[in-house]
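Comments concern the structure below.
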């Protein structure tokens, strides 16, 4: 299978590329910058640097690659950035997808398009509706969530109106090496690694520790994407998550258990959000029943890998 990954040099894209190569797929990639690089791949992939907001560039890209599957991972993925600049997030998350859909119709492409939305489409879900199912009303409470609702519904609309073979993914939190320190597990791990190396004072700054999220190892999430491209039903939405909620406080506790340094915890008001869902976790019955997917990585082991990655990154700076 010829697979095209948008955002291939990002956190998720690099892990997905590795999994697809292990499955025997021929992998192509597009990115807006060099990102983390792809040196970890067993087979070299040179990503094409393309502005997906340019419809002509997207037209040329799909014409050149002729993919069987498109994994659309590119976009702005950090909620606080969306609060700071809502329009940029909306434009960067919607316009590239519209261009891909439009070009697929123009070229009469039969590729399967996997669109990655987010659990943020659901917003604050009442306790009696947890774990959240795919038919739960979408009530986003931040601009990022709004952009992801638009991506999700646009994919459905183009499936219904033009017959585009789309899959709508509602991915819950995923963690692993090479994730940006803007995200909670990477942020805590980076701070711990810097403290251990004597580069920072022994104070770890945090946001809301009470929030509970559904954390999945990035490799398990990417396996789910690949399985859905193989087995998913056109036009359908799928939650991707473990099906359990863990608190940010527990995440921090686990990471701190991996270091011998005594670290003081301080709340940083800048890390708090205008609105923050207290708890959310996935009902993944649909994903499991249609693909046979099961998470294979323990949460605690995933955090160990995140911390070890940041220890390595900090060591490079010394």
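Using label points projected 7 Å from each Cα along Cα→Cβ, tell me how many nm separate residue 162 and residue 209, to one decimal.
Inter-label distance under the simple model: 4.9 nm.
Among DSSP bridges having both ends in region 121-251, what percentage is antiparallel? Round to the nearest 5. Could the numbers behind the result be given before it?
Details: 2 of 8 bridges.
Expressed as a percentage, antiparallel bridges in region 121-251 total about 25.
Any chance you could give the angle, 0 to 90 degrees and rounded to 10, that helix 299-317 forms with the longest Cα principal axis of the chain?
Helix 299-317 sits roughly 80 degrees off the main axis of the chain.
Give the calculated FRET efficiency between residue 197 and residue 288 to the nearest 0.05, with a Förster radius of 41 Å applied to their Cβ-Cβ distance. All intermediate terms of the calculation are to be shown ahead of the outcome.
On the way: r = 41 Å, r/R0 = 1.01.
Efficiency at R0 = 41 Å is approximately 0.50.
If you take every DSSP beta bridge whose two residues both sit in the chain, what share of them, in percent to the nearest 5, is antiparallel?
Working: 2 of 36 bridges.
Percent antiparallel among DSSP bridges in the chain is about 5.
How large is the translational diffusion coefficient of the chain in µm² per second when you combine the Kirkwood radius over alpha carbon pairs with Stokes-Einstein at 37 °C and 0.692 mPa s? All intermediate terms of the calculation are to be shown ahead of the outcome.
Details: Rh = 20.1 Å.
For these conditions, the coefficient is 163 µm²/s.
So how far, in whole Å, is the C-alpha centre of region 301-318 from the one of region 237-280?
18
Output the 0 to 90 degree angle, nearest 10, between the alpha-carbon long axis of helix 86-106 and the longest principal axis computed from the alpha carbons of the chain.
Taking the Cα atoms of the chain, the angle to 86-106 is about 30 degrees.
So if we plug the beta-carbon distance of residue 180 and residue 68 into 1/(1 + (r/R0)^6) with R0 = 41 Å, what FRET efficiency do we get, rounded to 0.05? If you can, show how the numbers build up before the last one.
On the way: r = 30 Å, r/R0 = 0.73.
About 0.85, to the nearest 0.05.
In degrees, nearest 10, range 0 to 90: what is the angle between the Cα axis of helix 218-231 and the longest Cα principal axis of the chain?
Value to nearest ten degrees: 20.
Read the figures in this text as sums done on the coordinates, not as results from a lab. These figures come from a predicted structure and were not determined experimentally. Here the Cβ is made from the backbone with ideal geometry for all residues, glycine too, and neighbour counts use every protein chain on show.
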